[in-house]
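Data block below; observations after.
The values are calculated or read from the model by the stated rules, or taken from the named source; none is laboratory data. Everything numeric in this text was worked out from a predicted model, so none of it was measured. Heads up, the Cβs are rebuilt from the backbone with ideal geometry, glycines too, and the neighbour counts pull from every protein chain shown.
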Amino acid sequence: MKQNTTCPYCGVGCGVTAELSDQRIIAVSGDSQHPANFGRLCIKGSTLHETTQTEQRLLLPRVDGQNVHWSDAIKAVSSRIRHSLENHGPGSIAMYLSGQLLTEDYYVANKLMKGFLGSSHVDTNSRLCMASTVAGHKRAFGSDSVPGCYEDIELADLIILVGSNAAWNHPILFQRIQATKIQRPQVKVVVIDPRATATCELADLHLAIKPGSDVALFNALLVHLSHSGALDQPFIDQHTEGFKRAVAIAHQDIPDLKTAATLTDVPLADLDTFFDWFTKTPRTLTLFSQGVNQSSSGTDKVNSLINCHLATGRIGKPGSSPFSLTGQPNAMGGREVGGLANQLAAHMEFSPEAINRVQDFWNAPSMAQQPGHKALDLFQAIDRGEIKVLWIMATNPLVSLPNTALIRRALKRCDCVIVSEAMSETDTLTFADIQLPSSTWGEKNGTVTNSERRISRQKGLIKAPGEARHDWEIICDVAKALGFEEGFNFTHPAQVFAEHAALSGFENHGQRSFDISGLSHLSQQEYDQLQPVQWPINQQFPYGRKRLFDDGQFSTPSGRAQFIATETKAPKTLPSAQWPYQLNTGRIRDQWHTMTRTGRAARLFNHRAEPFLDLHPEDAKHHNLYDQDLAELSNHQGRYIGRVRISAAQRKGEVFIPMHWNQQFSGDGYCNALLEGFCDPVSGQPESKQGAVALRAYPAQWHAQLLIKDHTELSLRGYWTKIPMRHSTQFLLADTEQPNSWMEWCRQHLGQAPDSWVQTSSGEMRAMAFDQDRLHWVLLISPSPIQSDPTSVDMLFSKPALTPAQRNRLLNSQQGAQATQIICSCHQVTEASIKAAIEKGCHTVDSLKEKLACGTGCGSCIPELSSLLAEEIVTLKIEEQSV
Ligand SMILES: Nc1nc2c(c(=O)[nH]1)N[C@H]1C(S)=C(S)[C@@H](COP(=O)(O)OP(=O)(O)OC[C@H]3O[C@@H](n4cnc5c(=O)[nH]c(N)nc54)[C@H](O)[C@@H]3O)O[C@H]1N2
Ligand SMILES: Nc1nc2c(c(=O)[nH]1)N[C@H]1C(S)=C(S)[C@@H](COP(=O)(O)OP(=O)(O)OC[C@H]3O[C@@H](n4cnc5c(=O)[nH]c(N)nc54)[C@H](O)[C@@H]3O)O[C@H]1N2
Ligand code: SF4
Ligand SMILES: [Mo]
């Protein structure tokens, strides 16, 4: 049987067709009818069924370390909330939510907190993600509304990507850009990012700007536009306010192009080209993401780029808009229900009228009266002991919030930490007094809103394992146990959705752009069959609306859009003599955030297996570091150890590290341990993209590669990282001290001394141990980093017994084949085979596709194929010339 649903990963919000058999999802494919993806899926979407097994799921509720029945868990949660309410007041209770909750979960959580417990300390991980865009939209448009739609990609003539590595993080949108360029090669693409990312494969121009300098760039552009003839003066006059002041301040900030070139570190000629293209191209689409938002001047960055669109009237028109790419599947839904602490509900703020309106609608006994703590403030308040009960849902703050030490301390200090979580092993879960097992993708039922305001259904296709329950049900049960039967007696998410839709239209009178009242009368059946639709959906727009503001009407009191005067500000954390490297953090293609899901699919580790750091070749040389060495980053807050990747894509003096690794997968892989958490003063969003660190080689005395049968926790010092394999688990290890005895080390860490071992003349040692006849573990120890491909050894773990010949070969083989990176995860095609094919004459992506099938699955690796082609063809030419 096949059923349509929506992908739970990124904000592109692709439609997924799931194939079901025997209460299991056995395969997934792209939904050919869904307007976000028309049948395509990236590697994360196409491996979804591999992450739905029941191992490693949280299966039972636990209170204070004891498994309990649900009724006791609900009793424990409600009594601790009641106790805190009575003794410390509503301000002592907080929730920390997530853009990965469904709208229905989010709605009831917000309602319980802000309407019934009277606490506005409800914030979400969207604070780390979209808050600067929300604030920028509100300042410019009067509401948090995304003007454009995905179709604009096909209609634009100039596509600018600012602080977005869409090739990896919004792959299906990137593929739409790619297809547009193939169809209309005259379309120009500009990428603005300090790094030359995979996204640059499509770039006609890459501006490798100095981190944090986006406002300088867009201020310079605004000044340029103001005397270029590209201004849309009638639009400025009739539909905006504040133009003159914004230009005057921008001019003061950036008096001439040379200043812009100095501040952004972009060559004058490239600035010229960019400004020229922008000036001449009415159909300009500016896609932006975390390089813009995660900054201490994130809101100003957003407004500085919106200013350029307002000045040219390029807003809400076909192919032309500023367009924020949302990260999480339901980042938008959270913004719609009011999941942020400074919003009330349904795009309403904490004004007295709005508070009364929502109170009437909810028939709420105890309304919160003012905005609550934003994420980082919230954890600071917990650390000060002000918050006694914290309920965390669908987020892993110990890993994702900056200042890991503060977050750890706060979680320890809090009297009662409740964690609703789908997985059994996450860093945050270890601090939970109460663990509540939640259903997750494939099991839960509700709606999500993607980057283009499109609401789609995520469907409950299979039963949740163990005792796991839906988040909205758990919240409603707690509400009822607290005596709020009337507001929370929902029996199906369709009822929650209908109420949310009705609130969006309640006393709206066209004042709030978020209005989905047209969906407030859906029956359960209609809700189940709801087709993806873009809000608003009301009497005026019964079938939704593609673009907003095309009529020049904005949601500000005057109905006009606002220019916001912005000034360049340096990041709060800058390199110094002590911490000389500028840190940058972000995502990789095949992992999702804190890896609780993607970390279970072995093939998603083929692209990047370990925490790493990308270094400019000269910086590497300066520290005498080679590819595959281990290096350590540190500052006054913490340290990070990762594998060196030398990359000319980095600017000199800047290091990039991934945000994903954590205590479940590596010893010192917390990226946020190095970040201080300075926040944007308007949005409260932390500066997650900039830090300052010292760099040194990690002085390893030995390196090891361990393959072990069971999913094991090893208690290790030094560097370690865990890599799931098909039949075993691989650990890569290193330490600065030699153990006194390896036999003893094996006994202590691996539970048994080796059954056999050999030592080679090059100082390597190979050892193995058996559990009866079955291979238990294999260990390779070496004085230098190990680059051995473990696949053939991993295969041996699937055998019930090894033959004497197999044992012998295993022990006496030299290092296995040189490990080579897998580029195409769908078809498991390695870098080595791609290089060989190029050498044999495959000089286009198409010929590689034909020969090796790489790039023919989800297509996420095509940018890397192109860059390998470019690199290899240059090498071949040099070789030819020197012959
Ligand atoms: N594979 C994968 N995809 C994902 C996710 C994932 O975890 N994995 N997460 C999803 C989520 S929640 C989000 S929010 C999105 C994020 O999607 P992106 O925003 O594309 O992701 P990042 O890699 O965090 O950052 C983007 C780029 O910002 C650049 N940058 C850093 N500083 C600056 C600066 O000062 N100016 C400019 N212009 N650029 C800068 C970085 O070099 C980086 O390449 O991805 C979504 N998609
Ligand atoms: N340094 C640095 N830090 C960053 C970023 C960065 O670029 N750099 N990016 C930031 C951004 S944009 C984001 S969005 C955050 C993401 O950071 P997090 O939100 O902390 O990351 P996730 O791993 O997605 O956490 C989701 C958790 O919910 C669980 N879960 C999954 N489904 C369900 C469900 O249905 N119900 C419940 N209750 N639980 C569920 C998962 O197992 C997982 O533990 O990280 C932020 N932190
Ligand atoms: S682009 Fe990939 S991760 Fe994002 S929604 Fe689509 S399939 Fe899922
Ligand atoms: Mo995000």
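Some points to look at:
- Note on the stretch 231-251: residues that are of a type in the set (S, T, N, Q) and within 35 Å of the chain's Cα centre (by Cα) total 1.
- If the condition is being closer than 18 Å to Ile254 by Cβ and crowded, with 18+ Cβ neighbours inside 10 Å, then the stretch 570-580 contributes only Pro571.
- Subset tally (residues that are in contact with a strand residue (DSSP E or B) (Cβ under 6 Å, 6 or more places away or on another chain) and crowded, with 22+ Cβ neighbours inside 10 Å) for the stretch 29-47: 5
- Consider the stretch 141-158 and keep the residues that are part of a helix (DSSP H, G or I) and of a type in the set (A, V, I, L, M, F, W, C). The one that is farthest from Phe490 (Cα to Cα) is Leu155.
- Among the residues examined, Asn363 qualifies as of a type in the set (S, T, N, Q), modelled with pLDDT of 95 or more, on the phi > 0 side of the Ramachandran plot and in contact with a Gly (Cβ under 9 Å, 6 or more places away or on another chain).
- Residue in the stretch 49-56 that is farther than 30 Å from Asp433 by Cα, surrounded by fewer than 18 Cβ atoms within 10 Å (Cβ to Cβ) and within 16 Å of ligand 1 (Cβ to nearest atom) present: yes
- Hits in the stretch 597-630 (condition: hydrophobic (A, V, I, L, M, F, W, C) and in a loop (DSSP other than H, G, I, E, B)): Ala601, Ala609, Leu625
- Restricting attention to the stretch 73-100 and to residues that are of a type in the set (Gly, Ala, Ser), buried (at least 24 other Cβ atoms within 10 Å of the Cβ) and under 25 Å from Glu467 (Cβ atoms), the residue that is nearest to ligand 1 (Cβ to nearest atom) turns out to be Ser98.
- Out of Leu112, Leu101, sole residue that is assigned by TED's automatic domain parsing to the domain that holds Gln458, in a loop (DSSP other than H, G, I, E, B), out of contact with any Ser or Thr (no Cβ under 7 Å at 6 or more places or on another chain) and closer than 28 Å to Arg454 by Cβ: Leu101
- Residue, farthest from ligand 1 (Cβ to nearest atom), within the stretch 652-688, restricted to residues that are among the charged types (D, E, K, R) and touching a strand residue (DSSP E or B) at 6+ places or on another chain (Cβ under 9 Å): Asp668
- Every listed requirement among (1) in the same structural domain as Phe656 (by TED's automatic domain parsing); (2) of a type in the set (Phe, Trp, Tyr); (3) over 23 Å from the mean Cα position of the chain (by Cα) is met by Phe554 save one, (1).
- Considering the stretch 558-574, the residues that are assigned to a loop (DSSP other than H, G, I, E, B) and away from ligand 1 (no atom under 14 Å from the Cβ) include one that is farthest from Gln328 (Cα to Cα), namely Ser558.
- The conditions of being of a type outside the set (Ser, Thr, Tyr), in contact (Cβ under 8 Å) with a residue 60 or more places away in the chain and assigned to a loop (DSSP other than H, G, I, E, B) are not met by Pro754.
- Residue match in the stretch 272-292 (condition: within 31 Å of the chain's Cα centre (by Cα), free of Cβ contacts under 8 Å to residues at least 60 places away in the same chain and either buried (at least 22 other Cβ atoms within 10 Å of the Cβ) or not in a loop (DSSP other than H, G, I, E, B) (or both)): yes
- The number of residues in the stretch 20-45 that are touching a residue at least 60 places away in the same chain (Cβ under 8 Å), more than 16 Å from Gln175 (Cα to Cα) and outside any loop (DSSP other than H, G, I, E, B) comes to 3.
- Index of the failed condition, Arg195 passing every other in (1) touching a residue at least 60 places away in the same chain (Cβ under 8 Å); (2) at positive phi: (2)
- Test result for Asn307, surrounded by fewer than 22 Cβ atoms within 10 Å (Cβ to Cβ) and under 31 Å from the mean Cα position of the chain (by Cα): no
- For Val68, the conditions (1) touching a residue at least 40 places away in the same chain (Cβ under 8 Å); (2) away from ligand 3 (no atom under 16 Å from the Cβ) all hold with the exception of (1).
- Enumeration of residues in the stretch 515-526 that are free of Cβ contacts under 8 Å to residues at least 40 places away in the same chain and under 29 Å from the mean Cα position of the chain (by Cα): Asp515
- Residue pairs meeting the criteria (Cβ under 8 Å; at least 6 apart or on separate chains; first outside any helix (DSSP H, G or I), in the stretch 120-140; second away from ligand 1 (no atom under 14 Å from the Cβ) and among the β-branched types (Val, Ile, Thr)): His121/Ile93; His121/Ile387
- Among the candidates Ser400, Ser424, Ser439, Ser420, the residue that is more than 16 Å from ligand 3 (Cβ to nearest atom), surrounded by fewer than 20 Cβ atoms within 10 Å (Cβ to Cβ) and not assigned by TED's automatic domain parsing to the domain that holds Leu20 is uniquely Ser424.
- Residue in the stretch 812-823 that is in a helix (DSSP H, G or I) and surrounded by 17 or more Cβ atoms within 10 Å (Cβ to Cβ) present: no
Residues checked against (1) at pLDDT 95 or above; (2) touching a Pro at 6+ places or on another chain (Cβ under 6 Å); (3) more than 30 Å from Ile177 (Cβ to Cβ):
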| position | (1), (2), (3) |
| --- | --- |
| Gly313 | yes, no, no |
| Gly319 | yes, no, no |
| Gly338 | no, no, yes |
| Glu353 | yes, no, yes |
| Ala368 | yes, no, yes |
| Ala375 | yes, no, yes |
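- Just one residue in the set Thr180, Thr262, Thr199 is under 33 Å from the mean Cα position of the chain (by Cα), surrounded by fewer than 16 Cβ atoms within 10 Å (Cβ to Cβ) and in a helix (DSSP H, G or I); that residue is Thr262.
- Residue in the stretch 580-596 that is acidic (Asp, Glu), within 16 Å of ligand 1 (Cβ to nearest atom) and assigned to a loop (DSSP other than H, G, I, E, B) present: yes
- Test: residue in the stretch 596-613 that is within 16 Å of ligand 2 (Cβ to nearest atom), in contact with a Gly (Cβ under 6 Å, 6 or more places away or on another chain), at pLDDT 95 or above and farther than 30 Å from Asp377 by Cβ: yes
- Single unsatisfied condition, Lys709 versus (1) among the basic types (Lys, Arg); (2) farther than 16 Å from Asn662 by Cα; (3) within 30 Å of the chain's Cα centre (by Cα): (3)
- Residues being farther than 18 Å from Thr566 by Cβ and either touching a Gly at 6+ places or on another chain (Cβ under 6 Å) or at pLDDT 95 or above (or both) are represented in the stretch 238-253 by at least one member.
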